[in-house]
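The values are calculated or read from the model by the stated rules, or taken from the named source; none is laboratory data. A quick note: this is a predicted structure, and the numbers were derived from the prediction, not measured. Every residue, glycine as well, gets a Cβ built from its backbone with ideal geometry; the counts of neighbours run over all protein chains shown. Side chains are part of the model used for accessible areas, which takes the heavy atoms of the whole protein and leaves out ligands, DNA and RNA. Shrake-Rupley method; radii C 1.70, N 1.55, O 1.52, S 1.80 Å.
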Amino acid sequence: EIPASTPGRKPDPADSDDDAMSDPSNPLVGERQKFWDYRAAMNFFLGAMASGLAIVAWLAHLAGAMDAGTLRSVNLVAAAVMAVGLFFVFLKIGRKARFIRVLMRPQSSWMTRETWCVGVFYPAVAAGTLWPHPVLDLLAALAALGFLICQARIVYASKGIATWRTPLVPWMLVATGLFEGLGLLSVAAALGAGQGVAPWVSVAALAPAGLVLAAINAALW
């Protein structure tokens, strides 16, 4: 029941019938968006790739396929790639001076949680570079994993886009991010080998991991 003091009128079923909701001139509908804004796309693309790279690099280090010094160098590259993605999403903000408000809703917003993960990832990478320690390397990897999961959940939580509400979507996006990260690591290793640089990551470890992730992504997609 609408209080008498509230301006407006009672809802009419005709407001939301098929005819009304298919009319682009209806303020409740708006013009159909036929493309994904490049700023949002770049954030998800680069963010997933960067976080996937940091996670895969830590796993490679854990498996003995990469030394600690190389891991921290790779984390710096991942941080740089992620920063570019975050810059693109900053361009998308309507009121840029109020960007700090993104931190205010950790209880309900996956974007807020994503931002908090960023707030852990960068200090962990910086501290791990200046004062190397396995705990800082682990913290950076966990923050990157949290970031990747949050990005996947942001897409899944977009209630207005029914296709993204498929339960497999978060799994697909996490698996894709890991696959992209492994791809970046593999390309960098191949380029280094092509320049006569001694291998800094074991190809024997990358190849089986790539096959497994390829199979997982194929199955999910």
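So for V155, V89, what's the accessible-area order with a 1.4 Å probe, most first? Please report the intermediate quantities before stating the final value.
Working: V155 10, V89 45 Å².
These residues rank, largest area first, as V89, V155.
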Check: Could you state the principal axis extents of the C-alpha atoms in region 49-128, from the largest down, to the nearest angstrom?
Finding: 45, 25, 21
Next item on the list: Express in whole angstrom the spacing between the alpha-carbon centres of region 155-185 and region 73-115.
Entry: 18
Checklist line | Whole-Å semi-axes of the ellipsoid equivalent to region 76-185 (Cα gyration tensor, √5λ, descending) | finding: 24, 19, 13
Notebook entry, point to check: Quick one: how many Å² of W58 are accessible to a 1.4 Å probe, rounded to 10?
Noted result: 50
Checklist line | Most to least accessible of L178, L211 (protein chains only, probe 1.4 Å) | finding: L211, L178
Notebook entry, point to check: For R165 and S25, what does the FRET efficiency come to when R0 = 35 Å and r is the distance between their Cβ atoms, rounded to the nearest 0.05?
Noted result: 0.80
Next item on the list: Over region 115-167, give the accessible area per residue in Å² for a 1.4 Å probe, as an integer.
Entry: 53
Next item on the list: With all protein chains present, calculate the accessible area of H61 using a 1.4 Å probe and round the result to the nearest 10 Å².
Entry: 60
Notebook entry, point to check: What ratio of Cα Rg to 2.2 N^0.38 Å holds for region 126-189?
Noted result: 1.42
Check: How much of D67 can a 1.4 Å solvent probe reach, expressed as accessible area in Å² and rounded to 10?
Finding: 80
